[in-house]
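Peer 1: Would you mind keeping the following structure in view while I ask a few things?
The values are calculated or read from the model by the stated rules, or taken from the named source; none is laboratory data. The structure displayed is predicted, hence computed values, not measured ones. For neighbour counting, all protein chains shown are included, and Cβ atoms are generated from backbone atoms with ideal geometry for every residue, glycine included. Heads up: the accessible areas ignore ligands, DNA and RNA and are worked out on the full protein's heavy atoms, side chains in. Shrake-Rupley method; radii C 1.70, N 1.55, O 1.52, S 1.80 Å.
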Amino acid sequence: MSVIVTDNGFATDAWTEPFTPLAEATETTRVVDVPADADLDVLVARIPTLRMVRVDFPSAADGRGFTIARQLRLRGYSGRLRARGHVIADQYAMARRVGFDEIEIGADLAARQPEDQWQFRANWQAHDYQARIRG
């Protein structure tokens with residue numbers, strides 16, 4: 001079972017539409033699963049029609065998903081953007097800053113890193129490098 005992490009804490013996944021792997025997506029696909037090594041040019045061409053993009057994080061040490069999210073947002077994607085996989089609580093603020101709306105984690109990770117650890121980082125706008133320099 002997956003847990004969805006947002007600025008409001010843990011929630012169950014209310015998304016009901018199926019995800020299509022990017023490699024199998026067609027021009028009518030609106031909800032895609034994107035691997036960490038995705039070709040951004042393929043995604044950029046689909047931005048106007050996408051409703052949800054879920055980016056895979058194969059490990060907490062693999063930051064390519066952050067780049068994908070940032071590039072999508074810079075290129076105009078305004079739909080729902082979800083990180084899935086091995087994102088840890090310490091990475092939550094970075095995930096929000098680059099454009100993710102939510103994180104999908106497994107129940108095992110949610111048990112190891114409970115909601116309060118994620119909530120501690122929910123005020124992500126105030127805890128960036130520039131805010132620390134100014135404060």
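Peer 1: Put one equal scatterer on each alpha carbon of the range 1-42, apply the Debye formula with no solvent term, and list log10 I(q)/I(0) at q = 0.14, 0.19, 0.25, 0.26 1/Å to two decimals.
Peer 2: -0.46, -0.74, -0.92, -0.93
Peer 1: Still on this structure: Roughly how many Å² is the accessible area per residue of the chain, as a whole number, for a 1.4 Å probe?
Peer 2: Working: 7410 Å² over 135 residues.
I get 55 Å² per residue for the chain.
Peer 1: From the phi of every residue in the range 85-92, what ³J(HN,Hα) in whole Hz does the Karplus formula 6.51 cos²θ - 1.76 cosθ + 1.60 yield, where θ is phi - 60° and glycine or proline is x?
Peer 2: So the Karplus estimates, Gly and Pro as x, are x, 8, 9, 9, 4, 4, 9, 4 Hz.
Peer 1: Leaving out ligands, DNA and RNA, what percent of the accessible area of the chain is carbon and sulfur, probe 1.4 Å?
Peer 2: Working: 3790 of 7410 Å².
After summing per-atom areas, the C and S share lands at 51 percent.
Peer 1: Where does the chain land at 222 nm, in deg cm²/dmol rounded to the nearest 500, when only DSSP H runs of n ≥ 4 count, each adding -39500 (n - 2.57), divided by all residues? Walk me through the intermediate numbers first.
Peer 2: Details: 6 runs with 42 residues, N = 135.
Helix-only estimate at 222 nm: -8000 deg cm²/dmol.
Peer 1: Just the projected area, averaged over all directions, of the convex hull on the alpha carbon atoms of the chain: how many nm²?
Peer 2: Its average projected convex-hull area is 8.5 nm².
Peer 1: If you fit an axis through the alpha-carbon atoms of helix 64-74 and take the longest principal axis of the Cα set of the chain, what angle between them do you get, 0 to 90°, nearest 10?
Peer 2: For helix 64-74, the angle is close to 70 degrees.
Peer 1: Another one. Take ARG112, ARG51, ARG84 and sort them by solvent-accessible surface of the protein heavy atoms, 1.4 Å probe, largest at the top.
Peer 2: Numbers: ARG112 155, ARG51 115, ARG84 75 Å².
The ordering from most to least exposed comes out as ARG112, ARG51, ARG84.
Peer 1: Which far-off residues, 5 or more places away or on another chain, put their amide H under 5 Å from the one on GLU102, with H placed in the peptide plane?
Peer 2: When sequence neighbours closer than 5 places are left aside, the close amide H contacts are LEU81, ALA83.
Peer 1: Follow-up question, since we're still on this one. What translational diffusion coefficient, in µm²/s and rounded to a whole number, does the Stokes-Einstein relation yield for the range 1-78 at 10 °C and a viscosity of 1.306 mPa s, taking the hydrodynamic radius as the Kirkwood radius over Cα pairs? Mind showing how you got there, number by number?
Peer 2: Numbers: Rh = 13.5 Å.
Here the translational diffusion coefficient equals 118 µm²/s.
Peer 1: Could you give the dipole magnitude of the chain about its Cα centre, charging the beta-carbon of Lys and Arg +1 and that of Asp and Glu -1, in debye to the nearest 20? Don't jump to the answer; show the numbers that get you there.
Peer 2: Numbers: 17 positive and 19 negative charges, 119 e Å.
That gives a dipole near 580 debye.
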